[in-house]
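Enquirer: I have a structure here, written as structure tokens, and I will follow up with some questions on it.
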Amino acid sequence: MKEREEADFKATKQVASMVSPYTIMSKKLSVLAIGGLVLLLVGLVVTWLAFGEYHKARLELVIEEQRSDTVYGRFSINIHDQIEVHWIHSVELTPWIEVYQVLDDFGLQLIETRFKSYGAGVPHQLEGTVSNQDGYTVITDLSQKISQFRWIHSHNAEFTLFINGRRIMSPEDLPHFTQMQFYIEKR
């Protein structure tokens, strides 16, 4: 039995002496390469989840009553889409249009306003570029940001909403003399 143990010991010693430093280094490099591939795959999956279609924000324009949160409409919308708000000014009795753009943080930015006459209720110190187009005073290059748009709805004011030029809400679609609001919601 002792001879057998000595023979096994000698065989193990011979095998150990045959393993060169290059073989050990090669095994270490293989382990590092496999680890690197695993980290690369994890990084790709994380990137896909963070920025890919899987995680793409689904946004809606929500139109609701301010006091009761009764929802009157939900419309699919995207970042950088434009929302146009049209109404008849209550004092001047002329058309007024404001254009808002949907921001990356789901807020709204007033980018253009246009009106037919300049009188009561029209801000007199606006930043931006002023021009005249088709009988309208047009102010562009605005930077006013809001989280929601609020108004008292009146059928007389002919309040109408558009997304990218497509009408989504007419005056009769909402209750008369009601406090309303719209905002962007992530779904």
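Enquirer: Could you state the number of Å between the C-alpha centres of the stretch 168-187 and the stretch 135-150?
Expert: When both Cα centres are located, 18 Å separates them.
Enquirer: Sticking with this structure for a sec: How are the alpha carbon pair distances in the stretch 59-186 distributed across 10 Å bins from zero to the largest one, expressed in percent?
Expert: Per 10 Å bin, starting at zero, the Cα-Cα P(r) for the stretch 59-186 comes out as 13, 43, 36, 8, 0 percent.
Enquirer: With Cβ to Cβ distances under 11 Å as the rule, what net charge do the other residues near residue 135 carry (K, R +1; D, E -1)?
Expert: Working: positive: 114, 116; negative: 134.
Residues near residue 135 contribute +1 overall.
Every number in this text was worked out from the coordinates using simple rules, so none of it is lab data. Computed from a predicted structure; not experimentally measured. A quick note on method: Cβ atoms are made from the backbone with ideal geometry, for glycine too, and the neighbour counts reach across all protein chains shown.
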